[in-house]
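The values are calculated or read from the model by the stated rules, or taken from the named source; none is laboratory data. Only a predicted model underlies this, so the values are computations on that prediction, with no experimental measurement involved.
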Amino acid sequence: MERIDNWLGRYLITRGWTTERTFYSKRSFLRDTVALRPDLAPPSRPDRPER
């Protein structure tokens with residue numbers, strides 16, 4: 001996981017994103033991403049209720 005984190009940090013820096021680390025949860029990131037791109041959401045499953 002640390003290797004991925006380091007790679008992503010370098011990737012974002014080269015594209016002008018901030019170098020500051022924040023506490024933005026993975027769940028929040030996924031929720032915001034799907035809100036912007038609903039086509040990325042997994043198909044709903046009738047056997048699992050929505051939360």
Margin query: Just to be sure I understand, how many residues within the stretch 1-23 are of a type in the set (Val, Ile, Thr) and at pLDDT 75 or above?
Written below: 2
Note to self: Out of the residues in the stretch 24-51 meeting the condition of being basic (Lys, Arg) and assigned to a loop (DSSP other than H, G, I, E, B), tell me which one is modelled with the highest pLDDT.
What the structure shows: Arg37
